[in-house]
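Since every read-out is calculated from the coordinates, none of them should be taken as a lab result. Since the model is a prediction, treat every value here as computed from it, not as a measurement. FYI the Cβ positions are ideal-geometry reconstructions off the backbone, even for glycines, and counts take in every protein chain you see.
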Amino acid sequence: MNRSVPIANSSFSFISHLKCPACGTRYEVDLVQTVCRVGECGSTLYAKYNLPSGLSAKELLKGRPANMWRYHEFLPVLQGECVVSLGEGFTPILSMKHLSKLTDGLSVIWKDESGNPTGSFKARGLSGAVSKAHELGIKHIATPTAGNAGGALAAYCARAGIHAHVYMPKQTPKVFKDECRLYGAEVIEVDGNIADCGKRADTDAREKGWFLVSTLKEPYRLEGKKTMGYEIAEQLGWKLPDVILYPTGGGTGLLGIWKAFDELEQLGWIDSRRPKMVAVQSESCKGIVEAFHSGKETAVYQDNGFTMANGLRVPKPYADRLILQVLRQSGGTAIAVADDDMEKALKEIAANEGLLFAPEGAALWAAFKRLHASQWFSEGQTVLLLNTGSGYKYLENLSI
Ligand SMILES: Cc1ncc(COP(=O)(O)O)c(C=O)c1O
Ligand SMILES: [Zn+2]
């Protein structure tokens, strides 16, 4: 493969190399990379940075724009002019006004990702991955998607002048397909779930020489999503919450947030305390929940059919092993929510708080209430729920 960017000692990014978290192999950042190529390893690769201690967060971030690129030293793009941004990130952290009566003894806050470009946190991951692909000179990108990642890929590719090819289950609400087409992407509707989309995308990408950005099969969507961890820390005055609930499909955000906390500790911006990480799944696909509670290291493929939370219909996350490690290391847990409860939660939040969350995000409220009822939390804890997207694209699946 040709080197398309210099092995720059860039001051824009402190990235040094990529590393396999499973076998430790090192990879270069000036080449196109996917997953670990050693034998059968195949692990997601993690970007590594030269993180100087003694750097003041206050000084560094002072006056920076309120988007995720304010942390550009800790993102993988070496040349600032290659960044493809639509203003993603720096989303608000909100407390509840009326529903706080149900959270007695706890402080419950939401990080609300619904205001991102294309209406979900997928904007962060795709801003990261498309920017890096742009820097590496890539002209065609393909992805399997439950919906939101496709819209984000299409928008960032349009901005970058890259062709996007989006593989989406036929069953996905029409609006997700329409937005991709409006952004100029090719939409391939697949009769099946996201795993079937993945197989089709894989074959086509291989045949046509397209770059595939399947969840955690390339290193940089994770980097974009980790900025949620940076923001949570910065917005809470560098003091992390006690618990974070995260709606887990492929798990990119959960791993990204966890990675961010390690980097922030190396920078000396936070201490060694970590939140308990809670993976919330749908009853449709709850392989992580089952593996977690039965002490297994990986999840078994599972698809029990339709869920209105398209993003949670992931039969077997590619990085299941890493997700389970984080849940256990953090002292967290995993819990599954049925569609009826998700819909009730979504309506309760909308009517009481004026927030129309995606069902994936609303699922966290149902999960929170169950965990609270079982006294899983300790008195006085701060619990952060991560609403990953806007509810507007999901209306056709709600009974109103
Ligand atoms: C709104 C929403 N929430 C959560 C997820 C799951 O994200 P992750 O792959 O990071 O687990 C998705 C993925 O499609 C999504 O669209
Ligand atoms: Zn490896």
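Using a/c under 1.5 as the rounded threshold, could you call the range 170-314 rounded, prolate or oblate? The axes a ≥ b ≥ c are square roots of the C-alpha gyration tensor eigenvalues, and prolate needs a/b larger than b/c, oblate otherwise. Judged from the Cα gyration tensor, the range 170-314 comes out prolate (a/c at least 1.5, a/b above b/c). Computed from the C-beta positions of ALA338 and SER11 and an R0 of 45 Å, the FRET efficiency is 0.35 to the nearest 0.05. Out of ALA152, LEU385, CYS82, whose Cα points farthest toward the positive end of the dipole of the chain (charges: +1 Lys, Arg; -1 Asp, Glu; placed on Cβ)? The residue sitting most towards the positive pole is CYS82.
Coupling constants for the range 331-344 follow from the phi torsions by the Karplus curve (6.51 cos²θ - 1.76 cosθ + 1.60, θ = phi - 60°), and in residue order they are x, x, 8, 9, 8, 10, 10, 7, 4, 4, 5, 4, 5, 4 Hz; glycine and proline get x. Placing pseudo-labels 7 Å out from each Cα toward the beta carbon at LEU102 and ARG37 gives an inter-label distance of 5.1 nm. List, in the order given, every pair from LYS122/LYS239; LYS174/LYS296; LYS208/LYS393; LYS199/LYS276; LYS62/LYS239 whose Cα-Cα distance in the structure shown is over 27 Å. From LYS122/LYS239; LYS174/LYS296; LYS208/LYS393; LYS199/LYS276; LYS62/LYS239, over 27 Å: LYS174/LYS296; LYS208/LYS393; LYS199/LYS276.
Multiply the residue gap between ARG370 and GLU265 by 0.36 nm, knock off their C-alpha separation, and tell me the result in nm, one decimal place. Spell out each step's value before the answer.
Details: separation 105, 0.36 × 105 = 37.80 nm, distance 3.19 nm.
Contour length minus Cα-Cα distance gives 34.6 nm.
Bridgeable aspartates and glutamates around LYS286 (alpha carbons under 14 Å apart, same-chain partners fewer than 8 residues away excluded): ASP303, ASP320, ASP339, GLU360.
Sorting SER390, SER10 on the 10 Å Cβ count, fewest up front, what's the list? List each step's numbers first, then the result.
Values: SER390 21, SER10 17.
Going from least to most buried by this count: SER10, SER390.
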